[in-house]
1. Ranked from highest to lowest mean number of other Cβ atoms within 10 Å per residue, what is the order of the peptides A:557-563, B:447-453, B:155-161, B:125-131?
2. Under 10 Å from the Cβ of A:Ile111, count the other residues' Cβ atoms, weight Lys and Arg +1, Asp and Glu -1, and hand me the total.
3. What does the structure give for A:211-223 when I average, per residue, the other chain Cβ atoms found within 10 Å of the residue Cβ?
4. Net charge within 13 Å of A:Val459 by Cβ-Cβ distance, Lys/Arg positive one each and Asp/Glu negative one each, not counting A:Val459 itself?
5. Round to the nearest 0.05 the FRET efficiency obtained for B:Leu491 and B:Glu401 when R0 = 60 Å and r is the Cβ-Cβ distance.
6. At a 10 angstrom cut-off on C-beta neighbours, averaged per residue, how do the peptides B:589-597, A:401-409, A:332-340 rank from highest to lowest?
7. Rg (Å, one decimal) plus Dmax (Å, integer) for the alpha carbons of chain A?
8. Per residue of B:65-71, what is the mean number of Cβ atoms on other protein chains within 10 angstrom of that residue's Cβ?
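Values in this text are rule-based calculations from the coordinates and carry no lab data. Because the structure is a prediction, the values reported are computed rather than measured. Every residue, glycine among them, receives a Cβ derived from its backbone with ideal geometry; neighbour counts consider all protein chains shown.
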2 protein chains.
Amino acid sequence: MKKLFLLLTLLIMSTGYGQKVINLADYDIQNEKDVTPVVVKALKDAKEIGASTLLFPKGTYHFYPTFAPERYCEITNNDNGLKRTAFPLIDFHDFVVDGSGSDFIFHGKMIPFIIEESSNVKVTNLSVDWEVPFMIEGLVVANNPTEETFDIEVKTPYVVAHGHLYITLEREDSPYERKYGKRFAFWEHYNLEVGQNIFWDPKTMAPLYNTKLYNMPEKGIHAEELKKGLIRISTQMKKLPPLGSVMVSKGEYLQNRTSPAFRVFKSKDLEFKNVNVHHAGAMGLIAERSEDITLDSFNVVLREGSGRMVTTTADATHFCNVKGTVTIKNSTFENMLDDATNIHGTYVRVNKIIDDYTLAVETYHPHQNGYLFGEEGDKVQVIDQKNLQPMTEPLVLKKVERVNEKISYITFNKPIKGKVQVYDGVENISWHASAVLENNIVRNNRARSFLISTPRKVVVRNNRLSSQMASFRLTGDLGLWNESGPNEGLLIENNIIEDAVYGGNGPQSIFLIDPQYVDKDNFEGMYSRNIIIRNNTIKTFDSSIMLAMSVDGLVFENNEVIQTNTYKPIFPNTTNIRIVNCKNAVIKGNTYKKLDGSKGTLSVDNQSTAIEVSKRDDFKEVKTMKK
Amino acid sequence: MKKLFLLLTLLIMSTGYGQKVINLADYDIQNEKDVTPVVVKALKDAKEIGASTLLFPKGTYHFYPTFAPERYCEITNNDNGLKRTAFPLIDFHDFVVDGSGSDFIFHGKMIPFIIEESSNVKVTNLSVDWEVPFMIEGLVVANNPTEETFDIEVKTPYVVAHGHLYITLEREDSPYERKYGKRFAFWEHYNLEVGQNIFWDPKTMAPLYNTKLYNMPEKGIHAEELKKGLIRISTQMKKLPPLGSVMVSKGEYLQNRTSPAFRVFKSKDLEFKNVNVHHAGAMGLIAERSEDITLDSFNVVLREGSGRMVTTTADATHFCNVKGTVTIKNSTFENMLDDATNIHGTYVRVNKIIDDYTLAVETYHPHQNGYLFGEEGDKVQVIDQKNLQPMTEPLVLKKVERVNEKISYITFNKPIKGKVQVYDGVENISWHASAVLENNIVRNNRARSFLISTPRKVVVRNNRLSSQMASFRLTGDLGLWNESGPNEGLLIENNIIEDAVYGGNGPQSIFLIDPQYVDKDNFEGMYSRNIIIRNNTIKTFDSSIMLAMSVDGLVFENNEVIQTNTYKPIFPNTTNIRIVNCKNAVIKGNTYKKLDGSKGTLSVDNQSTAIEVSKRDDFKEVKTMKK
């Protein structure tokens, strides 16, 4: 009877244009405590009848993992594993999920949306949050330098056991615990020992100025529960956190990126519009091996009144091995524990030369286990391990055979004999993205604003950026993350950058442009090309404005730099602009208002050639010898 | 050319009976450092040509995980995950792997043999070991009661970091570490914090007498490296370990069962003959959802001269959801960190009643995530959660739909309305095994000798048993492990049991027969049926010989019990034989030579009926009231 009614409803919902809408009101969704099975059923029905839209009546919906389907997902830069999901959008085409402005509240370990092998999918008008976050936020209410302890107040669930503090998720879904008591509680649940910690400042709603001073070790932190909600932490720190600051911990490395909000894989023509991500136990959106993705008003933002300091526990957004165009516009990214976006490819590395045509290649970083580097037909090139330069013309992958999550055999259309050595990189040049990033706000997050590593055309304009580390990190490496590739046509204009690089960790720079994990003193050749930075307003309290290494064709033009007194400079003696091993650079038309009225400094090393620095600029050039 | 030669060889190897043998000598295996890819290739060839045998020339072979294929395995009572293997015996039939007496040495995390969807497979004439074990064995060379510390000497790889001691595996397969140094070393590798610890006595080569006194907590153990190979441990213990004892740690719970030696799933007619397992980072052999398995001289034994105290870090063998007959004969199981064998089913539990025919059922214990409870056509019955009694006639599974690794929907052929409640169990009665266990030796292992929980006919005879806990554990529960089902025809005869139950943990018994995690004072009905224990020789230093609860049809006859002075009794006041809530029991013809010449004690509670105790027995009966 119920089925008949449903079918009838579906028929009624069909419109004149053949557009069928599944309305979750017809599934009695408003009366369900756990809507996961309802949504899963509705998606199944949608596929069956070829519906165009899944429509939610506006409301607040709770999603539990108990009856969620699952899928083994290998997600680059996040943690792999069996993942439960409420929206298994696998093989969906020409389909819209419309939340009508609803709040989706998730519970426990799950990935709200898994979008794979799909095309022309739009997700709109909804927010994603978790009832209990994948982190602890503890207000520092006491500290004791003599004893090297401090006390935190924690309002979300936690466990103190064995002298350690554990982040835990809610436990209401445990009938066994209700029936049999706490005996099974510890290992039934998510319990992540406190690690990867950072201190936040509720006055600025951002990481503490000079965050590095308050670094805690990631392991071996002792904890004692003084009373419910009050925990004494003993650890070794350079400086104890100030009263009123907030300790944020997301738990142990390689275990704390289980649950991004959106997982996108092997899909194209996706749009995310009017979506708010208030929290996720990993990234907000991670897309890989996909094509043409638009984020329009995709906001990773604190929920008003939540009292939380932090949104996502990793990057707001991240695009790897994506082609076509990535568009991010009209979006706000705030209070993440990592970058606002990172657009890049991933080099694999040569583990073994099998024969003249075939290599065993390896992904190295554990967050790249199972990474799909390429498929038959992709164009690739070999990259020299020392200088990150292409060593071959473009080659075509004739065959890709995965051996295991680290190793694949790849076979080329042409011999690579003599052109490749063990540890060299291989870059997939078919899967690089163009990008347009405009009208976005980035603020109050740990780490960087934008990491861009793609040779396709990229425009970044009209953004307001204020992140704890570099505003722009343009790099590539064959050492740790193995992120490819170089930038070869990047325009950064009309952005306002305000008091970034306040974390104190390492010499950061507003514009930090250099290949990493290379021998910088002996690096030969250019890495990136054609980077134009113009008409930006840069308000900064610290000294380092740009480090550009190994760029061919750099324009730094008509930028207005204003020194602020927001904070005391952390690296006051750093040269403002450093040009290292560049060629064809133009620095002109820039102004620099320093607090003491002095001129800015600009250094050009003796390996650089054809560098034009305007005499009328506010930067005083000094020649430096390459070390 | 090489291929042609190989094909030629294969043709030559074909015998007159159509038996084709793949001889690894033809693959130049003796010259390979890592034979994994060679074996994987040979198995592929074997399948291609329909070979009957994979034959190794006698030798020592090293298997690395680097180029090993992998498979996501959900392995009951072990840890699930992506598993690399050297012998992916998937869909092999009428096939023999003959090692010719070779030693197979494994390196790192891998499962040597994965046997799935196969039939009539024999593995013979080989040994399995690991170069570096999944555990630390540390000789106690100093202890300091004032400081509550002790020092251990460790010869295998380990890491001390963050004040903790980590078990690690070898690292030779890390080109990155060789090239880039230790920077990536910590998280590139297997690093398991010391936990699940036990102390061994090198004089007896067994766990320390009264092991429980030396229990360490599983977390929060502080470690300091005094010099290379010498580590000071600070922890809280009732008693510090004696000098000369050996601390064995396998690391943290739920992470230390990654790598059993043999994984068997959905296979039948398997034989393991003349196989030695010297070590495994989990069980020696775990078989589930399989049929008719014979172990003949399948030995889990220390390798001579290895200097190790421990073989497998979990059970030597384990059979779950197996039908047909399990035969274990002529085998030695020594020095495991868990039982010699455990033959049982697994109850699932009712999470939700969906409709009159359908239940959502759940596996509870995290070591049963993904457990395949049943398939269409299996006979099952509902089990009452309080008294573990069948509540329905046998029902047939019409449909099984897995939702995720915890939850499945199962649909019956008949309505179950009113016959089932949430938390009740469901037992799969199609998949219980008969068993024959004869001429085996069990010794020097932590935990039990045999756990048997199956209603099919089982004979256990002519074994020599000496384990740290009970020799026979006959049980079932709906509380923790959810192991089914009752025994209903078990003969235990002509075994020699010598000085078991020396661990000191809980009141153990040579024969420990009772359902667990039930309200024992209010348990109604019988659990198991027809257990005959006769003609056994039981040499024991402690008091408890048998606890039998809720058995209908128990015979304890003609057993010879001899008290030894090997150790001081740990539980001297325990009644020797306890009969609780039994009926139709016969105790006769037994002798008991106690050291002080007194009679043994035997208690029968007032809930038991039709209990016949021979007056001529060496046990003096005392009636007890049920508490």
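1. Taking the mean over residues of other Cβ atoms within 10 Å, the ranking is B:447-453, B:125-131, A:557-563, B:155-161.
2. Its environment carries a net charge of +4.
3. Numbers: counts 0, 0, 0, 0, 0, 0, 3, 1, 7, 6, 2, 3, 0.
Mean shielding by partner chains, rounded to a whole number: 2.
4. Around A:Val459, the surrounding residues sum to +3.
5. Working: r = 40 Å, r/R0 = 0.67.
The value I calculate is 0.90.
6. On the way: B:589-597: 14.1, A:401-409: 18.6, A:332-340: 25.4.
Top to bottom by mean Cβ count within 10 Å: A:332-340, A:401-409, B:589-597.
7. My reading of the Cα-based Rg and Dmax gives 25.5, 84 Å.
8. Per-residue shielding by partner chains comes out at 5.
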